[in-house]
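Below is one structure; the comments refer to it alone.
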Amino acid sequence: MTISNLKQAYPDSSKPKINWARIEEAENFAKTVKLYRQGKYDEDSFRRFRLQHGAYGTRMTSDYAMVRIKLPAGEIYPNQLEKISQLSEQFSIGSAHFSTRENIQLHWVILEDVSEILRGLAEVG
């Protein structure tokens, strides 16, 4: 197979095969954090909710989270990687941790900013 045939076989390789993005999850996360901060959501329920959305707590404080970005089959596209880089610089410590379990972790994210990361990730599928 020549390179020109390969390009034709995969006409738009910049877009994921499956769009995992759910913008409503970002909106729901933002609303739930607000309720939690107002004391209208108990600690245990919020912990479960947070974990289900890939935002893991820190031992030192409940004001920050580590956001785990799952990469099904370890597949990521250049525009997605660029977006994660931008989100890390804007909302995390400016670096990302690539784990051996097909995910990327952004550390020390302010809890209220997790929804912004989810929104950014939804933009790139």
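May I ask you to say which residue of Leu87, Leu81 is buried (at least 18 other Cβ atoms within 10 Å of the Cβ) and either touching a strand residue (DSSP E or B) at 6+ places or on another chain (Cβ under 8 Å) or on the phi < 0 side of the Ramachandran plot (or both)?
Leu87
Of everything in the stretch 67-78 that's open to solvent by less than 80 Å² (accessible area, probe 1.4 Å) and within 19 Å of Ala26 (Cα to Cα), which residue is nearest to the chain's Cα centre (by Cα)?
Applying the filter and picking the extreme gives Ile69.
Just one of the numbered conditions (1) more than 17 Å from Tyr56 (Cβ to Cβ); (2) surrounded by fewer than 18 Cβ atoms within 10 Å (Cβ to Cβ) is not true of Val124; which one?
Exception for Val124: condition (2).
Quick one: in the stretch 31-63, which of the residues that are closer than 21 Å to Ala122 by Cα and of a type in the set (Ser, Thr, Tyr) is surrounded by the most Cβ atoms within 10 Å (Cβ to Cβ)?
Thr32
Here's a check for you: in the stretch 42-64, which residue that is free of Cβ contacts under 8 Å to residues at least 60 places away in the same chain and in contact with a Phe, Trp or Tyr (Cβ under 6 Å, 6 or more places away or on another chain) is nearest to Arg22 (Cα to Cα)?
Within the stretch 42-64, the match that is nearest to Arg22 (Cα to Cα) is Phe46.
Return the only residue of Arg50, Arg59, Arg37 being under 15 Å from the mean Cα position of the chain (by Cα) and closer than 19 Å to Glu112 by Cα.
Only one candidate passes the filter, namely Arg50.
The values are calculated or read from the model by the stated rules, or taken from the named source; none is laboratory data. What you see is a predicted model; the values in this text were computed from it and never measured. Heads up, the Cβs are rebuilt from the backbone with ideal geometry, glycines too, and the neighbour counts pull from every protein chain shown. Calculation scope for accessible area: heavy atoms of the full protein, side chains included, ligands and nucleic acids excluded. Shrake-Rupley method; radii C 1.70, N 1.55, O 1.52, S 1.80 Å.
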